[in-house]
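The values are calculated or read from the model by the stated rules, or taken from the named source; none is laboratory data. Computed from a prediction, not measured in an experiment: that's the story for all the values here. With ideal geometry, Cβ positions are generated from the backbone for all residues, glycine too; neighbour counts draw on all protein chains shown.
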Amino acid sequence: QKEVEQNSGPLSVPEGAIASLNCTYSDRGSQSFFWYRQYSGKSPELIMFIYSNGDKEDGRFTAQLNKASQYVSLLIRDSQPSDSATYLCAVNILGRGYSSASKIIFGSGTRLSIRP
Amino acid sequence: GAVVSQHPSWVICKSGTSVKIECRSLDFQATTMFWYRQFPKQSLMLMATSNEGSKATYEQGVEKDKFLINHASLTLSTLTVTSAHPEDSSFYICSATDRAAPDLWPQHFGDGTRLSIL
């Protein structure tokens, strides 16, 4: 089982609609969860981060976390063509043992396409 | 916001050349820096975790002697690809976490280095 799983897409959503992106993770001890947006040929850009169960809203974006189900999602309201990108879910994986540090693991990303 | 500067942004060189990539945190002290590699249409793969003043922790399958990482200060980490070959051609991206907020964990990314080995 992959540590962080996402549907690769592409996910096609009409302009103005809500885009829903999902992610599951395997490490129950994970405490920090991130959504990044990556345009082709560019570095990832942080969109949202969430630590507590429930919803966190920031403008058109809402992150949702359910630790019991090991599930995190990102909702994009009023989708715009400029939202078309690959969205990467990232999870803090705790270190195992004395010499192993915590690290962030990325999912494979979901390609989102907003059609006018 | 936190800024991470990475350069060069792109490199084209001959097979067998060693290439050094720099990653600097410009307005914060970075306890930890990460090095990723991304092949076309694939996700970021963590290569190694770099802590200031100590040896880097490499991920399984990443050759320590080929990808040399140095993190000599709280604002600078370097990745040297030694004796690069065409299969090393990729997009290399560094990121850093802010020492002032170690529990928050968001990583700030550099703009990446596109490496092409002929």
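A few remarks follow.
- Residue in the range B:10-21 that is loosely packed, with under 13 Cβ neighbours inside 10 Å and within 14 Å of chain A (Cβ to nearest Cβ) present: yes
- Matching residues, the range A:1-31, being aliphatic (A, V, I, L, M) and within 11 Å of chain B (Cβ to nearest Cβ): A:Val4
- Single match in A:Asp27, A:Asp55 (criterion: surrounded by fewer than 19 Cβ atoms within 10 Å (Cβ to Cβ), charged (D, E, K, R) and in a loop (DSSP other than H, G, I, E, B)): A:Asp27
- Verdict on B:Tyr92 being on the phi < 0 side of the Ramachandran plot, modelled with pLDDT under 95 and surrounded by 15 or more Cβ atoms within 10 Å (Cβ to Cβ): no
- Residues being assigned to a strand (DSSP E or B) and either in contact with an Asp or Glu (Cβ under 8 Å, 6 or more places away or on another chain) or closer than 11 Å to B:Thr113 by Cβ (or both) - total across the range B:6-24: 9
- Residues within the range B:32-53 that are more than 10 Å from every other protein chain (Cβ to nearest Cβ), surrounded by fewer than 18 Cβ atoms within 10 Å (Cβ to Cβ) and within 16 Å of B:Ala72 (Cβ to Cβ), tallied: 2
- Single match in B:Leu79, B:Leu74, B:Leu118 (criterion: surrounded by 20 or more Cβ atoms within 10 Å (Cβ to Cβ) and either in contact (Cβ under 8 Å) with a residue 24 or more places away in the chain or within 14 Å of chain A (Cβ to nearest Cβ) (or both)): B:Leu79
- For the range A:18-46, filtering for residues that are over 16 Å from the mean Cα position of the chain (by Cα) and under 16 Å from A:Ala85 (Cα atoms) leaves 3.
- Residues in the range A:98-116 that are part of a loop (DSSP other than H, G, I, E, B), within 7 Å of another protein chain (Cβ to nearest Cβ) and at pLDDT 85 or above: A:Gly107, A:Ser108, A:Gly109.
- Taking the range A:32-47 as the range and being more than 7 Å from chain B (Cβ to nearest Cβ) and either surrounded by 24 or more Cβ atoms within 10 Å (Cβ to Cβ) or part of a strand (DSSP E or B) (or both) as the test, the residues that pass are A:Phe33, A:Trp35, A:Tyr36, A:Arg37, A:Gln38, A:Glu45, A:Ile47.
- Filter pass, B:Lys64 being under 19 Å from A:Val4 (Cβ atoms), without any contact (Cβ under 8 Å) to a residue 24 or more places away in the chain and part of a loop (DSSP other than H, G, I, E, B): no
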